[in-house]
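Here the structure is laid out as structure tokens; the discussion comes afterwards.
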Amino acid sequence: MKSTNPTRLSLTNALLVFAFYSLISLIISKSGFNGEFLWLVWTISGVMMFAFVFFIFRYTLEKFIYQKIRLIYKTIYNLKRKKGARVEKESYDKNTIESVTQEVLEWGEKKKLEIEELRKTETYRREFIGNIYHELKNPIFNIQGYVLTLLDGGLEDPNINREYLLRTEKSINRMIAIVEDLETISNLETAQIRMKMEVFDTHALCQDVFEFLEIKAKKRKKELTFGAKYDKGIQVMADPKWIRQVLVNLIDNSIKYGRSKDGKTVVSFFDMDEQILIEVTDNGEGIAPGDIPRVFERFYRTENAHSRDKTGTGLGLSIVKHIIDAHDQTINVRSRVGVGTTFAFTLRKS
Ligand SMILES: Nc1ncnc2c1ncn2[C@@H]1O[C@H](COP(=O)(O)OP(=O)(O)O)[C@@H](O)[C@H]1O
Ligand SMILES: [Mg+2]
């Protein structure tokens, strides 16, 4: 019953019923029954006819419907089955139609969610490309302007030639910073980078980062300190190279967005059963409640940040979030405008 369709099936059934009916009529007419026996013969033939029609319809309907359902079922089942998984024996019981309906509905629901997710990613991707374009456009056009001015005679003008070259270099450095951050994000997202977990002292690592950022902090009159004395060190299990990057980004932000007078960054460690909580706190301008959920987004910068600091790419916190995620740990932020900001993240205790 491979290539059946409703018309052909009905036709076959009708022909079979017709043939059966003709056969019975023929037998009765030939047999010569008459009188009182005739009604009995017709009753028996009627019952036989009834049974015949019942079974033949039941058989074909079942075959036909199950054949179609089996196809749907198999398609969905194969789509649902993970690659390489063993194929389970199909079972068709009386409830096949109901269970297939249920499965189709569930499957449809799942697909709908998947499509929504894909759409969101697609929007995100489009916005991301738009942002890259927007961020790179400025330095490129700036460089073009400086170079054109220099070529138009500025090169011979000692008042501007050096200045314009310095500005060009600044724009180039900005482009390099953006491209490097993008590369880091891309590598972290495509999981090309694996965290190399090892035991190390985060307190010592943080001390090292303080020294690395000392000049920048001094220039902006910011003080970098620890919340307490941690003489014994703070041992954690993580990738020191990437945790260093986290600390650099967070402390760098606290310097950039810290208070211009008496600015202070404090790093504290807290022992929590299986984890160490690390907090980077500043007494800077703070982040408005509406901006807090968005600061980890790529390229997101608050209005103030935009106008005050031109060295940022808006990618630093996004990188931080990726690194902490890759460690299966969490990061969050609390902040009050005019009071300060605290970024807190966890690491596995060793
Ligand atoms: N310590 C902080 N205090 C106030 N605002 C901050 C702080 N850290 C981050 N932000 C806000 O979050 C935004 C995103 O930070 P980030 O991703 O590091 O980008 P960038 O430092 O390049 O501006 C910043 O532009 C700023 O608006
Ligand atoms: Mg930053």
When every residue in segment 308-337 that is within 11 Å of ligand 1 (Cβ to nearest atom) and among the aliphatic types (A, V, I, L, M) is compared, the one farthest from Val295 (Cα to Cα) is Val337
Close pairs (6 angstrom Cβ cut-off, 6 or more residues apart or separate chains): under 10 Å from Leu317 (Cα atoms) in segment 240-255, of a type outside the set (Lys, Arg) and not in a helix (DSSP H, G or I) anywhere
Leu250/Val280; Leu250/Phe343
Quick test for you: out of Ile287, Ile243, pick the one residue that is closer than 29 Å to Ile132 by Cα and more than 15 Å from ligand 1 (Cβ to nearest atom).
Ile243
Tell me, which residue of segment 10-62 that is among the aromatic types (Phe, Trp, Tyr) and over 60 Å from the mean Cα position of the chain (by Cα) is nearest to Ile97 (Cα to Cα)?
Phe50
Do we find a residue being farther than 21 Å from Tyr230 by Cβ, within 13 Å of ligand 2 (Cβ to nearest atom) and crowded, with 19+ Cβ neighbours inside 10 Å anywhere in segment 259-282?
no
Assess whether Glu103 counts as being among the charged types (D, E, K, R), modelled with pLDDT under 90 and out of contact with any strand residue (DSSP E or B) (no Cβ under 6 Å at 6 or more places or on another chain).
yes
Do we have Lys229 as surrounded by 14 or more Cβ atoms within 10 Å (Cβ to Cβ) and either part of a strand (DSSP E or B) or among the basic types (Lys, Arg) (or both) here?
no
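The values are calculated or read from the model by the stated rules, or taken from the named source; none is laboratory data. Quick caveat, the model's predicted, so the values are computed rather than measured. Methodologically, a virtual Cβ is constructed for each residue, glycine included, from the backbone with ideal geometry; neighbour enumeration extends over all protein chains shown.
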